[in-house]
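Below is one structure, written out as C-alpha cells; the observations come after it.
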Amino acid sequence: MKIPLLSDILRNLFSKPATIEYPKVDIPAEEGYRGLHRVDAAKCISCRLCAMECPTGAITMKKFPYKEKEIPVIDLSLCIFCYHCVYVCPVKAYVVSTNYHLSTGDKRTLISEPIPPSTKKNN
Amino acid sequence: MVVLEVPFGPQHPALHEPIMFRLYVEGEQVVKVMPNIGYNHRGIEKLCEQNLFVKNLYICSRVCGICNIIHSTAYTLVVEQIQKNDPPPRAKYLRVVANELERIHSHMIILAIMAEVLGFDSLFMLMMRDREQVMRMKEMLTGNRVLGDYLIFGGVKRDVDEEKKNRILKTLDFIEERMKYYKKVFTEDPTIRKRLVDVGPITKTEAMKHCLVGPTARGSGVKTDVRKEDPYDAYDEVPFNLITYDECDSWARMMVRIDEVFESINMVRYCLTHLPDGPYGPKVLKRALPKGEGISRVEAPRGELIYHMISEGKRIPYRVKIRTPSMTNIINGLVAFKNAVLADVPAIITSFDPCIACMERVEVIDIRNSKVWYPTLRQLAGGKR
C-alpha cells in the first residue's frame, strides 16, 4: 500500500514546529496592514465625513481645548478597521499604523484620541 | 425495519457552523434527510434597508468570513450598474487578483476540513500551514488577512507595487508546488479514496434538475461557471479553463476544487504580469444612488452568487436581496444522501463546502398544506411601492 503523505509526516517529526508562540514571539504585520489609526488634529478640517459614513458609528466628534472646531474620536471597541474613514478623508488627516496589539483589560482605554498639534507647528 | 431519527447538529464536531439535519436511518442506511436551518440568521438584508448604501458595502462583505471579497464585489457591481459607473481597467484586474486569491484559500480550507472530517488530521495541519501563506498575500494586497474591504464603487482602494507583485508571484510558486503534492495525496491515498469515491453520488441530470451551482455541479459534469457565462470585471480578458469531472461523487467535487486552485494561480499570475497602467480607483467617490434596479451575478468559491438591489433614488436602498450558493447546494443537494451510510454523512456535507453564515437568509417553507406557488421578488419584499 502506497501512502504518499508518509515522507512529509516523517520529515515533520524532526523539524521545528510551525506554530508561532504569539505573545512570546511577535508576528510582524505586513506593510499596509489596517491597524490602529489616529487623527492628526492639525490637519483635520472637521468636515464630519468620516463620522457620517462610519459603518458602525464608531466615530464621534468631540471638542478639544487645542482646537476651535470638533475633532473625530474613534471608539476602538466599535471600530471594525475597514479604513473607510481613512479612504474618504479629503485632507488625509488620518495617521495609520500596523499596530494590532490592542487587547486590554479596561474597555475605557479603547479610545483612539487625536494627535494634538505640537507646539513647534503652532509657532 | 424500524426507522430511527438521528439529529445531526446544530452542534456537532464535524460541522463548523450551526445547521441541523434530521437523519432518518434504517439500520446504517439513511432513508430520508430533513434540513433545519435558521440558527445563524442575522437579518443582513433588513440591515441593508436601514443603512446608507456606502455603509452597506461593509455590511455585505461581512455576510461571510471566508468569501467576503466576492460579496463586496457583487454588491459593488450592482451599485455600479445603478450608478452607471465603470471602473478603470487596472481596478478590474486588481479585483480579479483579490477574488482569485480568496478562491485559493477558500478551496484550501475546505480541502483541509475534508481531510479532518475523514480523520486525516496531519493532512489538515499541513494544508492549513500552507494556506497561511495565501492569507499573508491577501493581507499584503488588501490590508487584512480575512476581511479585505478592498473594493469601492468605481475601483479598488489601494494599488499594488512592484515589490508586492514579486512577493505574491514568488509565494504562488510555493503554493502551486504544494498543491501538486496535495493533488497526488488526494488521488493516490487509499484512505481518502475509500472514504470519498462513490460516496454521495449526484448524477448530471439530478444536478441540473435541482439547480446545483459551483464546484458541486461541476463535479457532476455540468459546465456552469458565471466567469465564463456572464463575465464580469476582467474575466473576459483573462484566459482560464472550466474544470469539470464526470465521476459525480464527493471525490470529484474535491478534485474540481484542487484543479480550480491551479487555474486561479495561473489567473493571478496573468493578471499581475498584464496589469494595465492608469488609475486604480475613482477620483471622487460617487455618493448619489439614482432611481433604478440592478442585478449582479458573480462566481463565489462555492458557486453562483446573486445580488439584486432596488433603489428609489434615496441614499438608502429600498431592497437588497442576496442569493448565496450554499442555499441551493445544501437544500437541493439532499439527493446525495440517498442510500448513504450514516458514517458518510459528514463527508457528503463537507463535499458541498457548506457556508452556513452565508446561506441564512429569509425563506418561506409551507409544509402544512403542500401548496406550490411561485412568489415574485416584489411580493417577497413586501410593502407598497
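Of the GluC sites (Glu not before Pro) found in the stretch B:1-82, those in coil by DSSP whose Cβ has at most 10 other Cβ atoms within 10 Å are B:Glu28. Put a plus charge on the Cβ of each Lys and Arg, a minus charge on the Cβ of each Asp and Glu, and nothing anywhere else: the dipole of the stretch A:33-116 about its Cα centre is then about 100 debye.
A DSSP coil position with no more than 13 other Cβ atoms inside 10 Å describes the following trypsin sites (Lys or Arg not before Pro) in the stretch B:207-248: B:Lys223. Look at the alpha carbon pairs under 8 Å that are at least 6 residues apart: their mean separation over the length of chain A gives a relative contact order of 32 percent.
Heavy-atom accessible surface of the stretch B:140-224, averaged per residue, reaches 42 Å², computed with a 1.4 Å probe.
Reducing the stretch A:1-71 and the stretch B:283-308 to their Cα centroids gives an inter-centroid distance of 28 Å.
Assuming charge only on the beta carbon of Lys and Arg (+1) and of Asp and Glu (-1), the dipole of the protein assembly as shown about its Cα centre is about 1820 debye to the nearest 20.
Computed with every protein chain present, the accessible area of B:Tyr270 is close to 60 Å² [probe 1.4 Å]. Taking Cβ atoms as reference points and 10 Å as the exclusive limit, the residues near B:Tyr24 contribute a net charge of 0, counting Lys and Arg as +1 and Asp and Glu as -1. Dipole orientation for the protein assembly as shown: of the candidates B:Val79, B:Met108, B:Gly219, B:Val79 has the Cα lying most toward the positive pole (charges on Cβ; Lys, Arg +1; Asp, Glu -1).
Computed from point charges on the beta carbon alone (+1 for Lys and Arg, -1 for Asp and Glu), the dipole magnitude for the stretch B:42-334 about its Cα centre is near 940 Debye. So for chain B, averaging the separation of alpha carbon pairs under 8 Å that are six or more residues apart and normalising by length, what relative contact order in percent results? The normalised contact order for chain B reaches 24 percent.
Close Lys pairs in the stretch A:33-116, defined as Cα atoms under 16 Å apart and 8 or more places apart or on different chains, number 5. Pick out, from A:Leu49, A:Phe64, A:Phe81, the residue whose Cα sits farthest towards the positive end of the charge dipole of the stretch A:3-123, with +1 on the Cβ of Lys and Arg and -1 on the Cβ of Asp and Glu. Going by the Cα projections, it comes out as A:Phe64. At q = 0.15 Å⁻¹, what log₁₀ I(q)/I(0) does chain B have when each alpha carbon counts as one equal point scatterer in the Debye sum? Debye output, listed in q order: -1.41.
Among A:Ser103, A:Ser77, A:Ser15, the largest mean-square fluctuation in a Gaussian network model of chain A (Cα springs under 10 Å) belongs to A:Ser15. Sparsely packed loop sites in the stretch A:19-110 (the GluC sites (Glu not before Pro) outside DSSP H, G, I, E and B with at most 15 other Cβ atoms within 10 Å) comprise A:Glu21, A:Glu31, A:Glu68, A:Glu70. Between B and A, buried accessible area from a 1.4 angstrom probe totals roughly 2700 Å², ignoring ligands, DNA and RNA.
The values are calculated or read from the model by the stated rules, or taken from the named source; none is laboratory data. None of these values were measured; they are calculated from a predicted model. All Cβ positions, even for glycine, are placed from backbone atoms using ideal geometry, and neighbour counts span all protein chains on display. SASA here: full protein model, heavy atoms, side chains in, ligands and nucleic acids out. Shrake-Rupley method; radii C 1.70, N 1.55, O 1.52, S 1.80 Å.
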